[in-house]
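The values are calculated or read from the model by the stated rules, or taken from the named source; none is laboratory data. Note that the structure is a prediction, hence the values are computed from the model and not measured. FYI the Cβ positions are ideal-geometry reconstructions off the backbone, even for glycines, and counts take in every protein chain you see. Just the protein is used for accessible areas: all its heavy atoms, side chains included, with ligands, DNA and RNA removed. Shrake-Rupley method; radii C 1.70, N 1.55, O 1.52, S 1.80 Å.
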Amino acid sequence: MGGTLFKEPWRPQPESNMNRLDFVKSYHPHNSETNHLRILLHGPVGAGKSSFINSIDSVLQDRVTGRALTDGSSGKSFTKIYKTFKFQKYPGCSHSFVCNDIMGIEKSANSGVHLEDIKLALRGHVRDGYKFTPGCPMKDSDPSYNACPTLEDKVHVLVSVIPASSLSILPEEVLKKMRDVRQAASEMGIPQLAILTKVDEACPDAQENLKNVYKSKLLKQLVEQFRVSLGLPLNCIFLVMNYEKTTTIDKEINKLILQALEQIINYGEDFLNEQQP
Ligand SMILES: Nc1nc2c(ncn2[C@@H]2O[C@H](COP(=O)(O)OP(=O)(O)OP(=O)(O)O)[C@@H](O)[C@H]2O)c(=O)[nH]1
Ligand SMILES: [Mg+2]
């Protein structure tokens, strides 16, 4: 009764990606203290953080790329080194936003990225190349410790990345760690959004046709569930599918990525504008 789909998407979807793509490509922070907007992606191991970076790069380059290495086999975090990803416009010139990829969150206190390290990264204390030690926070004597971060080094918007397909079996300990990070970011005034990845695995209607993503009752339910567990407003949660299987650019995949990215940039830009002297 009622079917598995709403008649209309609960979040309006534009016919064309043109405006969003133009916005993202021409974005530049107004705040002159920084050359770029810094986005930090965090979340459980294997959620699709590195894949999301590749998806953004693919949308911008109009071909499927794989610069951020991903892995789906180990159950342990594949990303171990802190790294800033720039997105190339043309050789020698990058877009004005960057993404930082961090080691994944795990259930136990002694594995995965240490919460303190995420908080240090938010404040801009972690330099590129830092190798995370599971369960052990960075020391301020570490050569990768940046004692005097500038606005450019700091994180301007935090994005929680969670797989829609395994949201219901996500351990409470992981959610608790994510809430702690969110709280720390809130105390620093850093805006936060979330993306639910792997919508194709979570929902057969989405797998059949990506136009169904924002029509799916099942995915809407997952968004609601996540909203309650993390305490984020509905309009800050986005559904995406990463470039993972296909080797060609797809308009519907791009649409989901761009919708999330536009809002991420808007929130980060608002934060930067509040930092003006
Ligand atoms: N079906 C599907 N698979 C995805 C999607 N996003 C990522 N994956 C797969 O999920 C696995 C983990 O993705 P990663 O991007 O490495 O995840 P991560 O969050 O960076 O993981 P860690 O670095 O280990 O913390 C890979 O095999 C990806 O190909 C998606 O939207 N749909
Ligand atoms: Mg990764």
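Values as computed for the structure displayed
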read-out	value
Quarter of Cα convex hull surface for segment 1-73, i.e. mean projection, nm²	8.7
For Asn146, distant residues with modelled amide H under 5 Å away	Val126, Arg127
Leu234 - accessible surface, heavy atoms, 1.4 Å probe, Å² rounded to 10	50
Of all DSSP beta bridges in the chain, antiparallel share, percent nearest 5	35
Sulfur and carbon atoms: percent of accessible area, segment 5-164 [1.4 Å]	51
Additional length obtainable on full extension of the chain from Lys245 to Arg63, 0.36 nm per residue less Cα span	64.2 nm
Gaussian network model of the chain, springs between alpha carbon atoms under 10 Å - residue of Lys198, Lys131, Lys255 with greatest fluctuation	Lys131
Extension gain, Lys176 back to Thr150 (0.36 nm per residue minus Cα-Cα distance, nm)	6.4 nm
Fluctuation leader among Val24, Val213, Val240 - the chain, Gaussian network, Cα springs under 10 angstrom	Val24
Alpha-carbon radius of gyration plus Dmax, which is the widest Cα pair, for segment 99-230 in Å	16.7, 52
Area accessible to solvent at Cys148, 1.4 Å probe radius, in Å²	110
Spatially proximal lysines relative to Lys25 (Cα-Cα < 19 Å; intrachain offsets below 8 disregarded)	Lys86, Lys89, Lys251, Lys255
Considering only segment 25-106, percent of DSSP beta bridges that pair antiparallel, nearest 5	50
Debye intensity ratio in log₁₀ form over the Cα atoms of segment 102-155, taken at each q of 0.18, 0.27 Å⁻¹	-0.53, -1.06
Per residue, the convex hull volume that the Cα atoms of segment 18-174 enclose (Å³)	129
Packing rank of 154-167, 101-114, where each peptide gets the mean count of other beta carbons within 10 Å, highest leading	154-167, 101-114
Separation of alpha-carbon centers, segment 152-223 and segment 1-39, rounded to whole Å	16
Probe 1.4 Å, accessible area per residue of the chain, Å²	46
Given the chain, longest segment not containing exposed loop chymotrypsin sites (Phe, Trp or Tyr not before Pro) (DSSP; at most 16 other Cβ within 10 Å)	11-277
Difference of contour (0.36 nm per residue) and Cα-Cα distance, Cys136 to Leu234	31.9 nm
Candidates Asp117, Asp250, Asp22: whichever shows maximal mean-square fluctuation once the chain is modelled as a Gaussian network with Cα springs under 10 Å	Asp22
Hydrodynamic radius of segment 162-277 per Kirkwood, over alpha carbon pairs, in Å	15.2
In nm, spacing of pseudo-spin labels at Gln275 and Lys25 (7 Å Cα→C-beta vector)	2.7
Equivalent-ellipsoid semi-axes of the chain, from the Cα gyration tensor, Å, largest first	28, 22, 18
